[in-house]
1. Could you line up 70, 77 from fewest to most neighbouring Cβ atoms inside 10 Å?
2. Once amide H atoms are placed 1.01 Å from N in the peptide plane, what residues at a sequence separation of 5 or more from residue 308, or on another chain, have their amide H within under 5 Å of its amide H?
3. By count of other Cβ within 10 Å, fewest leading, how are 148, 54 ordered?
4. Could you tell me whether region 233-279 comes out rounded, prolate or oblate from its Cα gyration tensor? Rule is a ≥ b ≥ c as square roots of the eigenvalues, rounded for a/c under 1.5, then prolate if a/b exceeds b/c, otherwise oblate.
5. For residue 286 and residue 166 in the same chain, what is the full-extension length gain: residue separation times 0.36 nm, less their Cα-Cα distance, in nm?
6. How large is ³J(HN,Hα), in whole Hz, for each residue of region 45-59 in order, when computed from phi with the Karplus curve 6.51 cos²θ - 1.76 cosθ + 1.60 and θ = phi - 60°, using x for Gly and Pro?
7. For the chain, report the % of Cα-Cα distances exceeding 40 Å.
8. Taking R0 as 25 Å, what's the FRET efficiency between residue 362 and residue 341 from their Cβ-Cβ distance, rounded to 0.05?
Amino acid sequence: MPSLRAPFRHPMFRRYFAGQAISQVGDFVFFVALPWQVLVLTGSAADLGGVFSTYFAAQLILLLAGGVLTDRVSRRTLVVLSDVLQGILVGAIAVLAGTGTLAIGHLYVFGALFGAAQAFAMPALSAFLPETVPKADLQAANSVYQGTRTLAFIGGPALGALLIALGGTTAAFAFDAVSFAVSAALLWSARGSPPTTGPRERKPSVFVQVREGWRYVTRVPWLWITILVFAIVNAAEAGPRGIVLPAFVALDLGGGPTAIGLVLSSMAAGSLLGFFLPNVLPAIRRRGLVAYVATALFGVSIALMAFSQDLVGILALSFVHGIAVAVFSLMWQTAMMEQVREDIRGRVFSLDELGSFVLLPFSFFVCGILTVLYGPRLVLLAGGLIVIVCAAVGLLYPPAHTFESPKAQR
């Protein structure tokens, strides 16, 4: 079993790691500031859902283009450019907030542009990581990367709440903008390894490349089945977690931005345990089975939040939720990074994100409205129960949870 220190022997990974660590802190500062800013401007969960719907809709529309471009150009360059664009966008929101001219319409436009930039950054980041370490160190590198993201998830929301208390959302947005600039500078100094599958001078058309990625995914049962299942799982979980829960703890429980930050940090603390625990236990041979059990667990945690009477109960369930989501993510991401061919990896990651997140704009929009109409508890319970049913389907159907070994994949 490789040591978690092994990836740091490689200079390329160290630069990648440093850039992402800084950017991730800014991300989680941002994800406290944005929902609080929407609630301050409108006090409406429906508007919060609308902003997030706009963000994910733009991201999904461009994800396939992002995946194709990831396989055609330098992944490092693509990530750097998207960091620069996102930094400019968040900086503009900071200026508007600081001058008192920020309106809810600005946040809808920002959501669309930010989502478009993320459509190119996400597949590029995922495809670039395996280029930074040898294959033997890949699970350790993925654990370190995900675990560091989780540490940022613990500290970032607390820092976000502190920045809002000291300088309002202006300070929080400005911090995120600076983090993008630092990340871009560090990632620019990283160098990806040359492709191992032959020259890339002559490229087929974009349509042909997308079709090739689609055919690859549909030939691997655990890939297409899990992507399909998670289209429903993510829709049922993300809306309640991302829209209903912040509004619930900030408004119904009277916690304000501090409560939002605490809930996010509690999830992150659980995620930290979930990402590192598999690396100190005996090797996991049935990753798919473990991934689907974890899915059932985070469905249970969301459903039980509906019965919580205070913030303490929410924090405990958020910790469990974080563990479960982290275990699934580590099993899934490592399996994909090990088994998907390097020359097609960007397209497969983008198809995964497109399929898995295709219903998220609908989820955020509908959950915001349902929360206004029926209250947050009913939406949390319904979302959790749907996730549990989906996990049961995956557990009862072996092709869904039989993740192939790297040697079996061609």
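None of the figures in this text is laboratory data; all of them are computed from the coordinates on show. Keep in mind the model is a prediction, meaning the values are calculated, not measured. Please note: Cβ atoms are built from the backbone with ideal geometry, for glycine as well, and neighbour counts cover all protein chains shown.
1. The fewest-first ordering by Cβ neighbours comes to 77, 70.
2. none
3. Least to most surrounded, the residues fall as 148, 54.
4. oblate
5. Values: separation 120, 0.36 × 120 = 43.20 nm, distance 4.80 nm.
Result for the pair: 38.4 nm of gain on full extension.
6. Each residue's phi maps through the Karplus curve to give 5, 5, 5, 4, x, x, 5, 5, 4, 4, 4, 6, 4, 5, 4 Hz.
7. 10
8. Numbers: r = 32 Å, r/R0 = 1.29.
My answer for the efficiency is 0.20.
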